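Take a look at the structure below.
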Amino acid sequence: MIVTSMADLAVDLAALRHNYRQLRGLCDAGVKFMGVVKADAYGHGLLPVAGALVAEGADYLGVGSLEEGLVLRQAGLALPVLLLLGILPDEAEPTVAAGLEVALFRPDVAQALAAAAGAQGKKAGIHLKVDTGMGRLGLLPEDVLPFLEGLRAFPQLEVLGLTSHLAVADQEDKSYTLRQLGQFEGLLRAARDRGWELPLSHIANSAALWEHKKAHFALVRPGIMLYGSPPAAERRPPVLLQPVMSLATRVLQVKRLPPGCSISYGRTYTTPAECDLAVLPVGYANGYSRLFSNRGEVLIRGRRAPIRGRVCMNLTMVEVSHLEDIREGEPVVLLGQSGNACLTGDDLAGWADTISYEIYLALGNANPRRYLGV
Ligand SMILES: *Cc1c(COP(=O)(O)O)cnc(C)c1O
């Protein structure tokens with residue numbers, strides 16, 4: 001990847017550690033903590049984030065793919081790692097060899113894992129994935145007990161727990177989440193009645209971690225709050241989170257336009273009066289969404305400057321008429337703190353009708369990352 005160096009993307013590991021400690025403080029002492037680091041740690045960088053979480057005492061890591069799990073092992077991280085999406089049958093051998101645990105919901109994968117474990121003289125740790133109402137991965141509730149009975153044929157599999165995912169844990173109305181939790185508890189009870197211990201059952205994402213203590217079970221698995229954002233922009237968590245990612249640049253050109261000038265492709269903005277314009281060397285090639293066109297803002301000297309016209313591939317224009325004497329080279333914050341002002345992941349997400357998760361991934365994946373607080 002060849003990238004522009006004019007966008008400065010920073011990842012603050014001290015803020016990540018702070019967020020970890022805040023979340024850990026919301027859990028009882030016996031509850032295990034899985035840091036969710038899938039999708040390259042939400043765009044923050046898998047290994048630096050995983051290393052920081054492990055150093056703080058995280059018990060588990062959750063990743064999206066076998067590849068991510070292997071990267072953790074090659075870096076020498078020996079703690080339990082769960083492959084949240086499960087695996088394909090032909091991935092069983094390297095999964096077992098690396099001692100990675102698997103979210104399981106397919107009989108053919110159970111068979112492949114048992115065969116690989118048998119051949120390697122090991123056990124394969126699995127978490128049985130149940131769909132309690134997310135409508136995504138997992139066995140339907142009525143299939144859980146029959147599936148478990150089928151696993152008795154595979155003593156090479158160590159069934160560590162049931163796992164499920166909540167669809168609306170971040171919403172004010174708790175009724176659907178309570179129904180999912182009830183469903184999950186009922187299944188746990190039924191399975192335990194049949195002799196399955198299931199010591200490591202878990203369902204809590206970030207939202208459930210702070211809003212549903214009874215969802216903690218044996219382990220919590222937050223993602224987004226580690227990275228400093230609430231799961232839903234309109235609901236404030238009970239702890240002070242620090243943003244981990246920030247994006248800055250410097251003004252590339254300043255110019256004064258007369259009234260009646262159009263700005264950028266498509267001529268979607270025309271200056272109503274004389275306008276001081278700053279051209280910034282950041283665009284959608286940097287993951288800075290074109291949907292921010294005429295909607296977003298940046299911060300210069302702690303004050304807001306609105307985006308004028310369309311965001312381009314490598315350039316974005318902002319109006320600085322209300323700011324005194326802006327010069328070329330002036331620092332600009334696109335995400336993060338400037339003076340007393342701050343632009344959050346949720347601010348950027350709002351301009352693009354998306355969520356902070358997608359903003360962090362887009363920016364983090366498109367720019368070289370500089371680490372602070374290492
Ligand atoms: C991504 C993910 C999480 C973390 O969710 P957040 O909303 O980021 O806390 C937890 N569990 C599973 C299965 C996930 O896919």
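Restricting to the range 361-374, name every residue that is part of a strand (DSSP E or B), of a type in the set (A, V, I, L, M, F, W, C) and more than 22 Å from residue 302 (Cβ to Cβ).
none
Residue check: is residue 58 in the same structural domain as residue 147 (by TED's automatic domain parsing), within 15 Å of the ligand (Cβ to nearest atom) and either more than 26 Å from residue 366 (Cα to Cα) or part of a helix (DSSP H, G or I) (or both)? Please lay out each step first, then the result.
Details: in the same structural domain as residue 147 (by TED's automatic domain parsing): yes; within 15 Å of the ligand (Cβ to nearest atom): yes; either more than 26 Å from residue 366 (Cα to Cα) or part of a helix (DSSP H, G or I) (or both): yes.
Here the answer is yes, as residue 58 does meet what is asked.
Criterion first (more than 29 Å from residue 185 (Cβ to Cβ), hydroxyl-bearing (Ser, Thr, Tyr), buried (at least 22 other Cβ atoms within 10 Å of the Cβ) and modelled with pLDDT of 95 or more) does residue 95 satisfy it? Reasoning before the result, please.
Values: more than 29 Å from residue 185 (Cβ to Cβ): yes; hydroxyl-bearing (Ser, Thr, Tyr): yes; buried (at least 22 other Cβ atoms within 10 Å of the Cβ): yes; modelled with pLDDT of 95 or more: yes.
Against the criterion (more than 29 Å from residue 185 (Cβ to Cβ), hydroxyl-bearing (Ser, Thr, Tyr), buried (at least 22 other Cβ atoms within 10 Å of the Cβ) and modelled with pLDDT of 95 or more), residue 95 qualifies.
Only one of these is buried (at least 23 other Cβ atoms within 10 Å of the Cβ), in the same structural domain as residue 121 (by TED's automatic domain parsing) and either within 13 Å of the ligand (Cβ to nearest atom) or modelled with pLDDT of 95 or more (or both): 207, 218, 153. Name it. Full working, then the answer.
Numbers: 218 fails: buried (at least 23 other Cβ atoms within 10 Å of the Cβ); 153 fails: buried (at least 23 other Cβ atoms within 10 Å of the Cβ).
Selected residue: 207, the only one of 207, 218, 153 that is buried (at least 23 other Cβ atoms within 10 Å of the Cβ), in the same structural domain as residue 121 (by TED's automatic domain parsing) and either within 13 Å of the ligand (Cβ to nearest atom) or modelled with pLDDT of 95 or more (or both).
Looking at the range 71-92, which of its residues are away from the ligand (no atom under 16 Å from the Cβ), farther than 19 Å from residue 218 by Cβ and over 19 Å from the mean Cα position of the chain (by Cα)? So that I can check it myself, show each step before the final result.
First, pick out the residues of the range 71-92 that are away from the ligand (no atom under 16 Å from the Cβ): 71-79, 88-92.
Narrowing further to those that are farther than 19 Å from residue 218 by Cβ: 71-78, 88-92.
The answer is 73, 74, 75, 76, 77, 78, 88, 89, 90, 91, 92.
Residue by residue through the range 221-242, note down the ones that are touching a strand residue (DSSP E or B) at 6+ places or on another chain (Cβ under 8 Å) and either modelled with pLDDT under 95 or within 15 Å of the ligand (Cβ to nearest atom) (or both). Give the steps one after another, and end with the answer.
Initially, the range 221-242 is screened for residues touching a strand residue (DSSP E or B) at 6+ places or on another chain (Cβ under 8 Å), giving 221-223, 226-228, 242.
Matches in the range 221-242: 221, 222, 223, 226, 227, 228.
Say we look at the range 156-175 and pick out the residues that are away from the ligand (no atom under 16 Å from the Cβ) and touching a residue at least 12 places away in the same chain (Cβ under 8 Å); which of these is surrounded by the fewest Cβ atoms within 10 Å (Cβ to Cβ)? Can you show your working first?
Going residue by residue through the range 156-175, those that are away from the ligand (no atom under 16 Å from the Cβ) are 156-159, 172-175.
Still in the list and also touching a residue at least 12 places away in the same chain (Cβ under 8 Å): 156-159, 172, 174.
Working: 156: 19, 157: 21, 158: 14, 159: 22, 172: 9, 174: 13.
Here the residue is 172.
In this structure, does residue 131 turn out to be charged (D, E, K, R), in contact with a Pro (Cβ under 9 Å, 6 or more places away or on another chain) and within 16 Å of the ligand (Cβ to nearest atom)? Please lay out each step first, then the result.
Working: charged (D, E, K, R): yes; in contact with a Pro (Cβ under 9 Å, 6 or more places away or on another chain): yes; within 16 Å of the ligand (Cβ to nearest atom): yes.
For residue 131, the condition - charged (D, E, K, R), in contact with a Pro (Cβ under 9 Å, 6 or more places away or on another chain) and within 16 Å of the ligand (Cβ to nearest atom) - is met.
Could you go through the range 21-28 and let me know if any residue there is surrounded by fewer than 21 Cβ atoms within 10 Å (Cβ to Cβ), over 19 Å from the mean Cα position of the chain (by Cα) and among the aliphatic types (A, V, I, L, M).
Scanning the range 21-28 turns up at least one residue that is surrounded by fewer than 21 Cβ atoms within 10 Å (Cβ to Cβ), over 19 Å from the mean Cα position of the chain (by Cα) and among the aliphatic types (A, V, I, L, M).
Look at residue 109 and say whether it is more than 16 Å from the ligand (Cβ to nearest atom) and in contact with a Phe, Trp or Tyr (Cβ under 7 Å, 6 or more places away or on another chain). Please lay out each step first, then the result.
Values: more than 16 Å from the ligand (Cβ to nearest atom): yes; in contact with a Phe, Trp or Tyr (Cβ under 7 Å, 6 or more places away or on another chain): no.
No; evaluated as a whole, the condition is false for this residue.
Does residue 214 satisfy the condition of being free of Cβ contacts under 8 Å to residues at least 40 places away in the same chain and either part of a strand (DSSP E or B) or hydroxyl-bearing (Ser, Thr, Tyr) (or both)? Steps first, answer last, please.
On the way: free of Cβ contacts under 8 Å to residues at least 40 places away in the same chain: yes; either part of a strand (DSSP E or B) or hydroxyl-bearing (Ser, Thr, Tyr) (or both): no.
When the stated conditions are applied, residue 214 does not pass them.
Take the residues of the range 32-55 that are part of a loop (DSSP other than H, G, I, E, B) and touching a Lys or Arg at 6+ places or on another chain (Cβ under 9 Å): which is farthest from the ligand (Cβ to nearest atom)? Before the answer, list the steps.
Filtering the range 32-55 for residues part of a loop (DSSP other than H, G, I, E, B) gives 37, 43-45.
Narrowing further to those that are touching a Lys or Arg at 6+ places or on another chain (Cβ under 9 Å): 43-45.
On the way: 43: 12, 44: 12, 45: 16 Å.
My answer is 45.
List the strands (runs of 3 or more DSSP E) that sit entirely inside the range 304-360 and contain at least 1 residues that are over 20 Å from residue 291 (Cα atoms).
Numbers: elements: 316-319, 331-338, 341-343.
Fully inside the range 304-360 and qualifying: 331-338, 341-343.
The values are calculated or read from the model by the stated rules, or taken from the named source; none is laboratory data. As the structure is a computational prediction, the values presented were derived from the model and not from experiment. Please note: Cβ atoms are built from the backbone with ideal geometry, for glycine as well, and neighbour counts cover all protein chains shown.
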